[in-house]
Structure formats: structure tokens, C-alpha cells
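Since every read-out is calculated from the coordinates, none of them should be taken as a lab result. Since we're looking at a predicted model, the values are computed, not measured. Cβ sites come from the backbone with ideal geometry, for glycine too, and all protein chains shown count toward neighbours.
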Amino acid sequence: MSIRALWVVSHEKGKSGKVRFSRRFPTVEFRAKSLAGTQYVAIPEDRVIPQLLLTELGLVDADKPYVEVRDDCARQHRSPAVELRLDGPGGRTLWPVLTVTQGVLILACLPLVEAPPEPRPPLPSLASVSKGLALLLGLQDFLCGPGGKPEPDVLASRLAALPSVLLQVCPLGRPLDTPPPAGSVPAAVAPSPGGAQKQPAWKAGVHRGRAVVSVALTEKVRSMQYGKSSQQDIWDVYGMVMCKCEVEGVLPNVIVTLTLPHNGSPLQDILVHPCVTSLDASLLTACSVDENDSSAFSGPYKFPFSPPLELFRLCSYTSQVPVPPILGSFKLKAEENHLKVNVILKLHESVKNSFEYCDAHIPFFNQNLMGSVEVKVSSGQLEVSKEKNLLVWVLGQKFPKSREATLEGTVHFSGTVAGPTDPLCTGLTAYIKLYFRVPDLTLSGCCVDQHSVQVYSSAKPRIVTTRELVSSEYYIWNSTGDAPVSSGLTVL
């Protein structure tokens with residue numbers, strides 16, 4: 001999922017196109033040559049790129065002579081991917097060259113196709129095409145800003161900043177998931193806060209009204225529980241902090257601090273947004289360390305940053321926690337044309353018994369459609385979807401005071417029509433999948449105190465902080481059947 005080359009070309013009516021910026025990635029080009037072998041096509045010089053692009057996009061001047069392959073009205077350009085013909089019809093071609101047009105600018109890139117040149121694979125099957133388009137759209141937002149028509153001097157300054165932007169969003173030709181913030185300049189080339197430079201106009205906030213800084217902390221917990229001594233249960237926690245600064249005028253500098261309880265496990269695998277201006281190196285070295293390693297940094301974690309205009313992910317992390325929030329037991333017993341079901345769910349004592357929602361889905365695959373369902377639950381209510389062969393146990397917003405809920409009964413499969421199938425869930429291989437959300441809670445204990453958020457602005461913004469725990473891929477497998485097993489603890 002790499003990019004061989006990138007171009008920004010300008011074109012005006014009556015004039016030939018001009019390359020305003022180009023970047024090639026030699027390491028990716030070496031891979032392209034190795035993959036293509038004798039069918040390798042080298043990228044031509046920059047001076048011929050504008051005319052090739054204008055020709056393929058149908059943007060050539062009207063006084064040029066008619067060429068059927070280029071000017072035939074039956075040839076309408078509908079795809080963002082074009083083919084650059086280097087030697088005319090039947091000659092060498094570069095494919096797929098992705099293009100995005102905005103006013104007088106054409107942004108183009110050539111992704112690496114890690115497949116044989118012939119026959120050509122379909123575009124939707126190429127991950128590098130999706131990555132390349134996302135990169136172009138992000139660069140388009142950066143260069144053109146919200147209005148889409150930047151002033152010439154503003155565009156020139158953003159083009160000058162483009163090399164530093166690419167170092168952050170496309171290092172060594174590999175586009176990252178984080179696009180460049182619209183209209184902002186990376187910290188490496190931004191004006192120094194101690195100097196007399198004026199804050200760039202494209203970094204001004206458009207918010208009107210009272211200033212607000214919002215910080216939302218979300219932890220996602222994933223679990224695989226087997227209920228067998230021979231198979232180890234696994235679980236992990238992935239956290240992320242989302243921020244948005246709504247301030248009129250120039251956006252302020254902000255410091256967000258994450259804190260842990262006294263006995264909390266250190267945060268690990270920390271990744272930060274490019275807008276973070278400085279960071280303690282010890283934060284980034286905590287990478288899946290042993291939970292008993294006393295040398296691991298345990299906070300507080302300070303993140304100073306100059307925010308972009310839009311909502312963004314300030315940082316993400318993983319954490320080791322001793323137990324999953326909900327422990328479960330799931331047992332199936334097969335008898336003629338029916339299954340006996342027994343489920344026990346226990347809420348751990350460290351988890352607040354206050355859910356926004358909590359549901360358990362029990363699907364039955366590779367069976368005929370359900371007939372009668374004779375199942376009782378000790379808490380909540382049961383919903384039956386016979387056409388989907390699915391039981392939905394709605395536990396609601398609270399577990400019982402005992403923190404334990406049970407489901408028990410018999411499901412008959414007396415229908416003559418086959419129900420949903422799954423090649424994995426054969427025989428007694430079956431699972432329960434939990435969906436839940438707990439507000440104002442994180443498993444790691446990590447939190448953002450609104451009084452610890454520092455905003456260097458005369459606007460005195462209102463600080464809003466939230467945290468929540470959400471399930472993600474939370475499975476409890478039938479202990480009387482086989483189940484897929486991981487070799488050990490996995491980290492998102």
C-alpha cells in the first residue's frame with residue numbers, strides 16, 4: 001500500500017500545464033521494478049507529466065488538432081484512475097494514475113500495484129488505490145482549505161510546506177491513516193510561538209459563540225472466553241482520546257493530561273497525532289511491557305498540542321487489565337431436533353453496574369429455522385428472531401444486585417427451511433457476542449480531569465470531558481464444543 005510518485009499540477013485556459021510540486025519515492029520504485037520484471041515501465045520526467053494528464057482528463061485547449069483517442073465524445077472520463085500513454089496508442093502505459101481536480105489544480109499520484117501487470121486487477125481490489133485516493137483528498141483539503149479557492153500567496157505557502165506534510169502523512173511513500181489537517185501547517189514549519197509572526201489566516205477558527213474544548217476518552221475491550229482449562233481466555237483494552245476545539249479566532253495552544261489511579265497499569269503502545277508539539281520520550285517506549293515492570297512510566301501523561309479545526313484523535317494506547325468486565329459461561333447440549341442452552345453472565349465487582357445498554361446475541365448457524373423456543377432469563381427480556389435463528393437477550397441498564405444473570409432453556413429447530421450458515425460454526429461450535437456501553441468508566445482507570453486541561457487563550461473556554469467503556473469483538477464460546485484459539489494475549 002505504497003505510492004510511487006505524487007504530483008501537483010496547475011493548468012489555466014490557453015496555457016500549458018505546470019508542475020507545482022512533485023515527489024518520487026525511490027524505495028517504492030525499486031519494489032515496483034522488482035515486481036514488474038521485464039514489464040516494468042519507468043516514470044517519465046516531470047516536464048511531460050502535465051501534458052499527459054491534461055490529455056487523459058480532456059483538458060487540452062480547443063485549438064489543438066483533433067485526436068480520436070483523446071477527443072472522441074464517446075470517451076467520457078468517469079473513473080479517478082487514468083492511464084497515461086507514454087508512446088501513444090499501443091505503447092507503454094502507466095496505470096493506475098489517480099487524479100483529483102480542484103479549480104486550476106490537479107493532484108495526481110501513482111500507487112504501487114503489487115500484482116502482475118497483466119491481466120489488470122479490478123480497481124476495488126487494490127488497497128493502494130483506496131490509500132492513494134484518501135491521500136489525495138487529504139492533500140486537497142490541506143492545499144485548498146474549506147473554501148476551495150485559496151489566495152495565490154496562501155497556496156504558495158502551503159505548497160512550500162508540502163514536503164514537511166508528506167513526511168508526516170506519507171513517510172517513505174506509505175500513506176498513513178491520519179490525513180493532513182485542512183489548511184494547517186505542521187509544527188516543523190509553523191511560526192514559532194515566541195516570535196512576532198502573525199498566526200496564518202487559514203488556522204483561524206470559524207466558531208461563533210462561547211468557546212468550548214471537548215475531550216472524549218473511549219476504551220474498547222475485546223475478549224475471547226472459552227470456559228475450558230485447556231484453553232486460556234484472552235482480553236485486551238484499546239483506548240483513544242478524541243478532541244475538538246471550538247474557539248472564535250485564532251485557535252489556542254492546549255495541554256491535555258491523562259491520569260491513572262495509584263495502582264493502575266501503565267499505558268502502552270502510545271501513538272499521538274502530528275499536532276502534538278512535544279512529548280516525553282518515556283511515553284513512547286512503553287510498548288507491551290510486562291505488567292509487573294516497575295520501570296514503566298505510569299503518568300501523568302501530558303500532551304501539548306496546537307489543534308486542527310476539526311474533531312481529531314489526539315492519541316491512542318493499549319492497557320493490560322487483570323480481568324474482563326463480564327465473565328461468561330456458555331454450554332450447549334445437542335439432542336434430537338433441539339438444543340439445550342445454559343448461559344451465566346457475571347459482572348465483575350470493579351465495574352460500575354450502570355449501562356447505557358447491554359445485549360447478548362446468541363446465533364445458531366447451520367440449522368433449520370427455529371420452531372418453538374422455551375427459554376427463561378433471570379433478568380432482562382428475551383427477543384426471538386426465528387427468520388435469523390437468533391436469540392437477543394436484552395439485559396438493559398443494570399445487572400441484578402447479585403451481579404449475575406442466567407439464561408436457560410431449549411430451542412427447537414422444527415422448520416423445513418435451512419437457516420443462516422457459517423462455515424466456522426459447525427457441530428457444537430457456537431458463541432455469544434456481547435454488546436455494551438458503560439458511561440463514565442474506563443477499565444484501565446485512565447481519565448481526563450477537566451481541571452487539568454490547560455487552554456492558553458483569553459476566551460476562557462468551557463471544558464467538557466467524558467469517558468466510556470465500549471465492547472468490541474466480545475465473544476463467549478460454547479465450552480462443550482470446539483472453538484478457534486489464539487496462541488496468547490493479543491494486543492490491538
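At-a-glance table
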read-out: At R0 = 60 Å, FRET efficiency that the Cβ-Cβ distance of Leu59 and Ser282 yields, to 0.05; value: 0.70
read-out: Loop trypsin sites (Lys or Arg not before Pro), segment 295-394, which have at most 13 other Cβ atoms in a 10 Å radius of their Cβ (DSSP); value: Lys352
read-out: Estimated inter-spin distance, Leu271 and Lys302, nm [label 7 Å along Cα→Cβ]; value: 2.6
read-out: Full-stretch length increase - Ser378, Ser125 - with 0.36 nm per residue and alpha-carbon distance subtracted; value: 86.3 nm
read-out: Where GluC sites (Glu not before Pro) fall in DSSP loop in segment 329-408, at most 13 other Cβ within 10 Å; value: Glu336, Glu349, Glu356
read-out: Amide H partners (placed H, <5 Å) of Cys425, local residues excluded; value: none
read-out: Listed pairs Lys331/Lys401; Lys244/Lys460; Lys220/Lys433; Lys333/Lys398 exceeding 19 Å between Cα atoms; value: Lys331/Lys401; Lys333/Lys398
read-out: Extension gain (nm, one decimal) between Thr410 and Leu35, 0.36 nm per residue minus Cα-Cα; value: 129.3 nm
read-out: Contour excess over end-to-end distance, with Cα ends at Lys340 and Ser229 and 0.36 nm allotted per residue; value: 37.7 nm
read-out: Hz values of 3J(HN,Hα) by residue in segment 271-278 - Karplus curve (6.51, -1.76, 1.60), Gly and Pro given as x; value: 10, 10, 6, x, 6, 5, 7, 7
read-out: ³J(HN,Hα), Karplus 6.51/-1.76/1.60, whole Hz, each residue of segment 36-41, x for Gly, Pro; value: 7, x, 6, 8, 5, 10
read-out: For segment 251-267, 3J(HN,Hα) per residue [Karplus equation, 6.51 cos²θ - 1.76 cosθ + 1.60, θ = phi - 60°, Hz, x = Gly/Pro]; value: 5, x, 7, 9, 10, 10, 10, 9, 10, 10, x, 4, 9, x, 6, x, 6
read-out: Dimensions (Å) - segment 326-440, Cα atoms, principal axes, largest first; value: 47, 22, 21
read-out: Förster radius 41 Å - calculated FRET efficiency between Ser350 and Asp422 (Cβ-Cβ, nearest 0.05); value: 0.75
